[in-house]
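Only one structure is covered here, and it is reproduced in the block below.
The values are calculated or read from the model by the stated rules, or taken from the named source; none is laboratory data. Being a predicted model, the structure only gives us computed values, none of them experimental. Counting neighbours? That spans all protein chains shown, and the Cβs are built from the backbone with ideal geometry, glycine included. Surface areas here come from the heavy atoms of the whole protein model, side chains and all, with no ligands, DNA or RNA. Shrake-Rupley method; radii C 1.70, N 1.55, O 1.52, S 1.80 Å.
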Amino acid sequence: MIISRPVQYTSDVAGYRRLFAALGLVALVEEADWSVYAAGDGRVALHRVEPGGPLDGRAALGFESDDLDAAASAFGDAARRFTAENGASGVAVAGELELVVLEPAPGERHGTQGLRALGLWVSEHVDAAASVLERLGLRAEVRSDSGRWVQLVADAGLAAVHDGDVPAAQLSFEYEGDVDEFAARVRAAGVEVEVVDESYGRTLLVARPGGGEPIWVNERQSDLYGYTAL
């Protein structure tokens, strides 16, 4: 089993906890420096870092797996076994972006129905990055005809690769349901959100604590013009 669990680094843990609560995420592990939250499908991790440090505000591609041996063997010498500070076992995979796979956090609860955690990989090499995720156990489900976007599904949650000049990871979500209704619920919880129209559907732009680029919540894609379902 492979679960998509992107990681958000921040010095404002309290701010992100309020944001995640507004989105309807449910805490599975909530410690001072490390927390894990469940969406309706997939999970999100929150990692405290020093204010103004190199990781503050950045994200990483993270996953959970109940078979770390399989995750390690899929990448051979590129994989490194380790034990996290909280005692959890994990596998780190070196590459354009480091992928971290940890044993599953405890808990079976789920957050907002229809909300799926999505770890986004920005890369110049879309197909190669998607192949790495497939080796990890994810399955490609939608690809743009332009070759600039591939979305993959895990046993829980999603990952995607988008064309871009600078390799990076971003925390995102997908929502299957009434986007306007969901936006109203998030606003009622005190978080600023804007609904915009994109070529593939509507997107919620959710304000981050302290400002900066918003978190994207994409509407579940139903119009496949310019895209191919795999």
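Here are some notes:
- In the context of the full set of protein chains, the chain has a per residue accessible area of 47 Å² (1.4 Å probe).
- Set of region 38-77 residues, backbone N closer than 12 Å to the point 7 Å along the Cα-Cβ line of Ala189: 38-40
- Note on region 51-163: Kirkwood hydrodynamic radius from all Cα pairs is 15.2 Å, rounded to one decimal.
- Projected over all directions and averaged, the alpha-carbon convex hull of the chain occupies 11.8 nm².
- Neighbour count of at most 10 Cβ within 10 Å plus DSSP loop: longest GluC sites (Glu not before Pro)-free window in the chain: 109-230
- Rg to Rh quotient for region 111-230, alpha carbon positions, Kirkwood Rh: 0.97
- Within the chain, helix-based [θ] at 222 nm, where runs of 4 or more DSSP H residues each add -39,500 (n - 2.57), nearest 500: -5000 deg cm²/dmol
- With contacts taken as Cα pairs under 8 Å at a separation of at least 6 residues, the chain carries a relative contact order of 20 percent.
- Residue-level accessible surface for Asp67, protein heavy atoms, 1.4 Å, Å²: 70
- Region 169-210, accessible surface, carbon-and-sulfur percent (1.4 angstrom probe): 40
- Label-point separation in nm, Glu96 to Ser131, each point 7 Å along Cα→Cβ: 1.1
- The dipole here belongs to the chain: it is taken about the Cα centre, uses +1 on the Cβ of Lys and Arg and -1 on the Cβ of Asp and Glu, and is about 340 debye.
- Region 1-119: proportion of alpha-carbon pairs further apart than 21 angstrom, %: 37
- Filtered trypsin sites (Lys or Arg not before Pro), region 133-219: DSSP coil and at most 16 other beta carbons within 10 Å: Arg148
- FRET efficiency, Glu124 to Ala78 (Cβ-Cβ, R0 30 Å, nearest 0.05): 0.95
- Per-q log10 I(q)/I(0), region 167-230, q = 0.30 Å⁻¹ (Debye; single scatterer per alpha-carbon; no solvent): -1.35
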